[in-house]
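Take a look at the structure below.
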Amino acid sequence: QPNRGTKRPRDEEEEEIKARRKQASAREHSRHREEESAVPDETDDEKKKLLQIIERDGEEEDEEEEPLDESSVKKMILTFEKRSYKNQELRIKFPDNPEKFMESELDLNDIIQEMHVIATMPGLYHLLVELNAVQSLLGLLGHDNTDILQLSRQLSWERLSTDFSVISSHVSIAVVDLLQELTDIDTLHESEEGAEVLIDALVEGQVVALLVQNLERLDESVKEEADGVHNTLGIVENMAEFRPEMCTEAAQQGLMQWLLKRLKAKMPFDANKLYCSEVLAILLQNNDDNRELLGELDGIDVLLQQLSVFKRHNPSTAEEQEMMENLFDSLCSCLMLSSNRDRFLKGEGLQLMNLMLREKKISRSSALKVLDHAMIGPEGTDNCHKFVDILGLRTIFPLFMKSPKKIKKVGTTEKEHEEHVCSILASLLRNLRGQQRTRLLNKFTENDSEKVDRLMELYFKYLDAMQAADKKIDGEKHDMVRRGEIIDDDMEDEFYLRRLDAGLFVLQLICYIMAEICNANVPQIRQRVHQILNMRGSSIKIVRHILKEYAENIGDGKNQEFRESEQKRILDLLENF
């Protein structure tokens, strides 16, 4: 570091800064005067004309607003149509002379701003469709204003370039702002009928494809355009929430590709990147078509690259942490498709998640969830074998033996942690064969069978929780019968879901692990399990009952063949238990 000399008193420093600023502003002022005098006289007329337009707009704003009813909305839409047509006509007539259609551009921008008031009356949305305003608005999404902006810069006149570029940065952005407000989810729910008509018209007009084309042209280093990107994502989110089935079409109209491109762009983290991660997670939710599309677009690699940043560093803000969680959720969602499991394996996703588990950063609990999704079911076999090859057992067993203390900071409960770890161990026991399976079983015998002791400790912990939950549910059922209420299938399903939430699912996984290791022809393990059950006054019958219930409810409802073979496998384990 060079010697900076002694620090001057703050007062002296401030005085010198003030003096420098005065000199700079004087130089700037004289430069502006020179430039103004250098501008040819012919621009004076243009300046006056533009000033009149700006002043006239101000006067119009001051006029009293009409009360909003059907006729005033119709009048507004017709005015918009006229101004849009006039602007289009002048643009065709004078394509190389922007000043000729500058005034019509302002008029068009003004009426679009006025139309925001329609968003307060969703019951009148049908007028936008009937009078063809939706189609006209969608047409304006491709509206180019670069010529206008160039003209405002050519006229080196300070007031014009600030006022005018704000008013007219992009008509397309003004349309995006309007559509974002019209599709606000709370507004849509105020009038389902009006909302349906509007959304139908937007979907029919391929709104997402047009929005994506507009996104490609926006420069996020300009604030207005960055806001335009944010509002565009808002439109997609609103429409997806109101009509989830449009997500497939939206992704295929270029949105998925744009989101992935924006996520991997080398730009500093901002609100738009966070919003992209949110919209991506929405598109992938319960949607196999979009999961497949993301895989085909190398999206698994994009997600892994973006998440690798959090391997050794925690997110620096709450917003960045939210983005990280959205990306993890998107990855888990994609892994529900077997073709993406292969892409995850080839993209070295297992190695990244394993490193995250070792690094003990905030990303650890989410990495555990991803591993659970990658290994579950018969589709997870290759990932299970690879996990053992990369020494994953050394990482997973310490997490099984002791739940991390810092877990509360990341919003993950101890139960969630134990559920994911037990699910991973159950998947490994189900899918591993040969030498890898032997390595896994050896872990349960080392250090005087401490892993078996921990398994039994968790068994009794969740058994107690379940018995308390069952007691409460039985009491409720008893009260219902006494009141003469019928307990139907829906009610029984609800009770079963409550039991799962109380810890039944973790208990089922623990019992499954117990049955697997007791059937592995390792006498030491079987003896230890029976010894602890007897010592605690418990019975093998309880374990059998829990596993039978697990077998009855297994499967995702899609693959009947898998369900039947899995039920048979679990019941065979019980026979030998």
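So, for segment 427-556, what is the accessible surface per residue at a probe of 1.4 Å, expressed in square angstrom?
53 Å²
How high is the relative contact order of segment 355-496? Use alpha-carbon pairs under 8 Å, at least six apart in sequence, and give a whole percent.
This gives 21 percent for segment 355-496.
Between residue 320 and residue 348, what is the label-to-label distance in nm when each label sits 7 Å out along the Cα-to-Cβ direction?
Result: 2.3 nm between the two label points.
Taking θ as phi - 60°, what are the ³J(HN,Hα) couplings along segment 212-227 by the Karplus curve (6.51, -1.76, 1.60), each to the nearest whole Hz, with x for Gly and Pro?
Computed from phi, the couplings for segment 212-227 are 5, 4, 5, 4, 4, 8, 7, 10, 6, 6, 9, 4, 4, 6, 5, 5 Hz.
Run the simple label-point estimate for residue 562 and residue 265 please: 7 Å along Cα→C-beta, distance reported in nm.
Modelled inter-label distance: 3.8 nm.
Within 10 Å, count the other beta carbons around each residue, average over each peptide in 263-273, 181-191, 477-487, and list them highest first.
181-191, 263-273, 477-487
For a protection proxy built on the mean count of beta-carbon atoms within 10 angstrom, sort 433-441, 459-467, 251-259 highest first, please.
The densest-packed peptide leads the list: 251-259, 459-467, 433-441.
Per residue Cα convex hull volume for segment 244-323, in cubic angstrom?
Looking at segment 244-323, the number lands at 95 Å³ per residue.
With the dipole of segment 371-509 worked out from charges on the C-beta (+1 for Lys and Arg, -1 for Asp and Glu) around the Cα centre, which of 500, 403, 378 lies farthest toward the positive end?
403
Translational D (Stokes-Einstein, µm²/s) of segment 359-399 at 4 °C and 1.567 mPa s when Rh comes from the Kirkwood sum over C-alpha pairs?
119 µm²/s
Figure the gain on full extension for residue 196 and residue 488 (residue separation times 0.36 nm, minus the Cα-Cα span) and round it to one decimal in nm.
Going from the current span to full extension adds 101.7 nm.
How far, in nm, would the chain grow between residue 221 and residue 435 when pulled straight, counting 0.36 nm per residue and subtracting the alpha carbon separation?
Gain in length upon complete extension: 71.4 nm.
With only alpha-carbon atoms in the gyration tensor, what are the semi-axes of the equivalent ellipsoid for segment 390-506, in Å, largest first?
The equivalent ellipsoid of segment 390-506 has semi-axes of 36, 16, 13 Å.
Given all pairs of different Cα atoms, what value in angstroms does the Kirkwood hydrodynamic radius of segment 468-576 take?
This gives a value of 16.0 Å.
Between residue 245 and residue 402, what length comes free when the chain is fully extended (0.36 nm per residue of separation minus the Cα-Cα distance, one decimal in nm)?
Taking residue 245 through residue 402 to full extension adds about 52.2 nm, to one decimal.
Quick one: the Cα spread of segment 233-373 along its three principal axes, in angstroms, biggest first?
That works out to 41, 33, 24 Å along the principal axes.
Quick one: which of 530-541, 497-508 comes out on top by average Cβ neighbours within 10 Å, and what's the full order, highest first?
For the peptides 530-541, 497-508, the packing ranking is 497-508, 530-541.
The values are calculated or read from the model by the stated rules, or taken from the named source; none is laboratory data. Just so it is clear, the model here is predicted, and its values are computed rather than measured. Counting neighbours? That spans all protein chains shown, and the Cβs are built from the backbone with ideal geometry, glycine included. Please note that ligands, DNA and RNA were not included when accessible areas were found on the heavy atoms of the full protein model with its side chains. Shrake-Rupley method; radii C 1.70, N 1.55, O 1.52, S 1.80 Å.
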